[in-house]
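Colleague: What follows is a structure written as structure tokens; I'll ask about it next.
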Amino acid sequence: MQEVHCSFYKKINELDDGTYSIARYHAISEVPKLALWKQDIFTVLGRDLPRQKNREIIFYGEWKENIYKKRKSLQFHAERFKVLLPETKEAIQEVLADEVPGIGKKTAKAIVDAFGTDTFHVLKEPPKHETIPRIKLMAVRNFIKAEERKERLCYLMGTYDLKKGQARKVLKAFGEDATEMLDANIYNLYKAGISLADIEMNHEPSEEEKNDTIRIRCGIYSAITRLCKNKGHTFIYENDLINETYYIMHKSVPKATIMFALDYFKSQLVDESIVYEDGKFFLQEYYDAEMLLNKMIRERLGEKILSEDERAKMIEEINDLAREEKILLASQQQEAVIKSQIYNLSILTGGPGTGKTLTIDIMIKCFLKRGKSVLLMAPTGCATKRMISATHYENGGTIHSKLGYFLDDEFVANRMVNEDVVIVDESSMIGCKLFRDIFTQVRPDATLIFVGDKDQLQSIEPGQVFTDMIDSKVIPTTILDHIFRQGQNSMIPINAKLINEGNPKMIWNERDFQLIRIEGNDKMIEEERNIEYTPEIQEPLEKCKLMNETIIILGLIYRDFLCSADEKKRLQEKDAKEMQEVKKALEEELRQKYNPDDIFKNRNIQPENKIQENYEEKSIAVIQEEKWYQKIFSIIKNIFKRK
């Protein structure tokens, strides 16, 4: 490996992720004449090339020939580098002023005057000084440590062919012992969270290494990680783990050997990256998160009993707030608001259109009336904006933005939430570790309310905590099951519930559903399916593997997508007539069933004197803008995804 001393001149090009860059440098040591671009400047190629000015840099690598426009030249391909700290007073002062946060030219001069050319050596452990504030000296100390860390990162990346994120994980896991651990066995990288596939991308195992104990443990770790991410669990059963490890290791290791390696984890004689308990294997980080969650949930539980008078008074208060908003709450929604007021931890769940957001709105108003501060959170920006827009309450943000920040691509939750009440929407999307962060960063005496639909969006990371909390039946939970978005006689919400329950015996009617039965062998079925669908319906259909007999429930989508042109035209004319009849029936129902004093915000029905002028906007919204067929389409897409 060759060595070149130089200083930075100019960046030429760099990939967006910083994994590969080209830059030019001033040569300090001797370089081949063919490498010089002009004067003493030459070109370097490598990963994360340094760009600090007025700093001497040492590159380690080799010269390689390059041909550009029929002109031969040499370029230095750097495997790693080292950025040296300056040794002269003037250079030290310049680096302190330019690169150390919180240090200006005046302070930099004072530090150099005090410690001279030994500044960076002395300030590794800053002594007390009469005139220079200790916080300034600590800033220099932190800068020195950061420079040393960069050097170690660069060494790991170059020596073991690691990506920058992987090198960071290695340093975090092993610290000063990183080089020693990897020199002893490259498969120790699994203890830093690096998979077997990533290790063997750059390292071909020898026949002897294939049965190496550390490699097998690495395979087990990789198998648990992959199964947890794919299935959403925080643990894996032994048989599943053995089979997955066997395939991850390309069947190169007998299952008996894998079982023997698992015995080590069971006895806890090896590292703590994997935990065994009651027939289950956990990754340490998820095991710790679950144990802490279990403890903190128990601490927040507490039974609160209301007398009949207190309950009646609270219901009256809730109804008063609802009347101010011109809405009428269902009994389940009232119960959810009551639980939010008397418990430190509660859950509100229900499917689409069951009134969760409306219930949150009343909860917020109850808390504000009692003088409590409220924070709204959700796992995504879109969910947060939707909740803020629906409730007209502005104090909200994503969970990550409210709890902490990202450091080296890892989330660090270090901000305490000081509000009295925290309402978390789309809770089914939240994984085990993020749930842990919420419980640890929210005040122990604050009210925590989790809202979501356990049948809709699964967690992004391992751990279905929201579903598990509901199934435990120890946390006060309100389930909203009345759907307000469909008509009273609609079969859509009924069948949606049956589908969620895995019940295939659905209820049919001609208005809401159409049944298409395709029978025969695979070839005949494929010919029947040889229809030009729109892209919207083609995607889920492609996911559905049609066998000997397949029933596709398409509802009103049949009329819009699956017919021939003539049939579609005939059905559209028929639908137009039916729509007019339904509209007339709806108008008559509005006039006869509801009086001007009844307000039903959930049905978009206005007082009697406004029905006529808002008819086009409101009644058509119930029928057309709600787009019943799109709701069926959503249900069907979920069926296809599950298949």
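Colleague: With the condition kept exactly as written, say whether any residue in region 60-75 is touching a helix residue (DSSP H, G or I) at 6+ places or on another chain (Cβ under 9 Å) and closer than 30 Å to A97 by Cβ.
Modeller: Yes, there is a match, as at least one residue in region 60-75 is touching a helix residue (DSSP H, G or I) at 6+ places or on another chain (Cβ under 9 Å) and closer than 30 Å to A97 by Cβ.
Colleague: Right, here's the next one. Identify, by number, the condition in (1) within 16 Å of F281 (Cβ to Cβ); (2) modelled with pLDDT of 90 or more that A184 doesn't meet.
Modeller: Condition (1) is where A184 drops out.
Colleague: Would you confirm, using the coordinates I've provided, whether N211 is modelled with pLDDT of 90 or more and surrounded by fewer than 15 Cβ atoms within 10 Å (Cβ to Cβ)?
Modeller: Judged against the criteria, N211 is not a match.
Colleague: Test of understanding: among L85, L49, L45, which residue is in contact with a Phe, Trp or Tyr (Cβ under 6 Å, 6 or more places away or on another chain) and either modelled with pLDDT of 90 or more or surrounded by 13 or more Cβ atoms within 10 Å (Cβ to Cβ) (or both)?
Modeller: Every option except L85 fails the conditions.
Colleague: Moving on. Would you point out the residue of region 240-268, among those that are out of contact with any Phe, Trp or Tyr (no Cβ under 8 Å at 6 or more places or on another chain) and closer than 30 Å to M429 by Cβ, that is surrounded by the most Cβ atoms within 10 Å (Cβ to Cβ)?
Modeller: T245
Colleague: Among the numbered criteria (1) open to solvent by 80 Å² or more (accessible area, probe 1.4 Å); (2) of a type in the set (K, R); (3) free of Cβ contacts under 8 Å to residues at least 40 places away in the same chain; (4) out of contact with any helix residue (DSSP H, G or I) (no Cβ under 9 Å at 6 or more places or on another chain), which single criterion is violated by K150?
Modeller: (3)
Colleague: Among the helices (runs of 4 or more DSSP H) lying completely within region 293-380, list those that include at least 3 residues that are in contact (Cβ under 8 Å) with a residue 60 or more places away in the chain.
Modeller: Qualifying helices (runs of 4 or more DSSP H): 331-342, 356-369.
Colleague: Given the conditions (1) surrounded by fewer than 18 Cβ atoms within 10 Å (Cβ to Cβ); (2) farther than 16 Å from F450 by Cα, report the number of the one that Y393 does not fulfil.
Modeller: With respect to (1) surrounded by fewer than 18 Cβ atoms within 10 Å (Cβ to Cβ); (2) farther than 16 Å from F450 by Cα, Y393 is out only on (1).
Colleague: Here is a follow-up. Counting only residues that are modelled with pLDDT under 90, farther than 19 Å from I194 by Cα and assigned to a helix (DSSP H, G or I), how many does region 263-292 have?
Modeller: Total meeting the criteria: 4.
Colleague: Let me ask something else. Which residues, taken from region 439-451, are free of Cβ contacts under 8 Å to residues at least 60 places away in the same chain and either open to solvent by less than 10 Å² (accessible area, probe 1.4 Å) or among the small types (G, A, S) (or both)?
Modeller: V442
Colleague: Now, a different point. Would you say A223 is touching a strand residue (DSSP E or B) at 6+ places or on another chain (Cβ under 8 Å) and modelled with pLDDT of 90 or more?
Modeller: It is true that A223 is touching a strand residue (DSSP E or B) at 6+ places or on another chain (Cβ under 8 Å) and modelled with pLDDT of 90 or more.
Colleague: Being touching a residue at least 60 places away in the same chain (Cβ under 8 Å) and β-branched (V, I, T), is that true of even one residue in region 83-95?
Modeller: Yes, there is a match, as at least one residue in region 83-95 is touching a residue at least 60 places away in the same chain (Cβ under 8 Å) and β-branched (V, I, T).
Colleague: Among the residues of region 101-125 satisfying the criterion of being surrounded by 20 or more Cβ atoms within 10 Å (Cβ to Cβ) and within 28 Å of Y155 (Cβ to Cβ), which is nearest to the chain's Cα centre (by Cα)?
Modeller: Result: I103.
Colleague: Out of all the residues in region 10-63, which are among the polar types (S, T, N, Q) and in contact (Cβ under 8 Å) with a residue 24 or more places away in the chain?
Modeller: Within region 10-63, T19, S21, S29, T43, Q52, N54 meet the criteria.
Colleague: Separate question: Take residues that are closer than 22 Å to R141 by Cβ and tell me which of the strands (runs of 3 or more DSSP E) falling wholly in region 1-115 contain 2 or more.
Modeller: Answer list for region 1-115: 71-83.
Colleague: Within the bounds of region 416-433, is there any residue that is free of Cβ contacts under 8 Å to residues at least 40 places away in the same chain, open to solvent by 50 Å² or more (accessible area, probe 1.4 Å) and touching a helix residue (DSSP H, G or I) at 6+ places or on another chain (Cβ under 7 Å)?
Modeller: yes
Colleague: Quick one: is R415 in a loop (DSSP other than H, G, I, E, B), basic (K, R) and modelled with pLDDT under 75?
Modeller: no
Colleague: Still on this structure, I have one more. Looking at this structure, is M387 out of contact with any Phe, Trp or Tyr (no Cβ under 9 Å at 6 or more places or on another chain), under 18 Å from M429 (Cα atoms) and not in a loop (DSSP other than H, G, I, E, B)?
Modeller: Here the answer is no, as M387 does not meet what is asked.
The values are calculated or read from the model by the stated rules, or taken from the named source; none is laboratory data. None of the values given here were measured: they were computed from a predicted structure. As a convention, Cβ positions derive from the backbone with ideal geometry for all residues, glycine included, and neighbour counts pool all protein chains shown. Note: areas computed on protein heavy atoms with side chains; ligands, DNA, RNA excluded. Shrake-Rupley method; radii C 1.70, N 1.55, O 1.52, S 1.80 Å.
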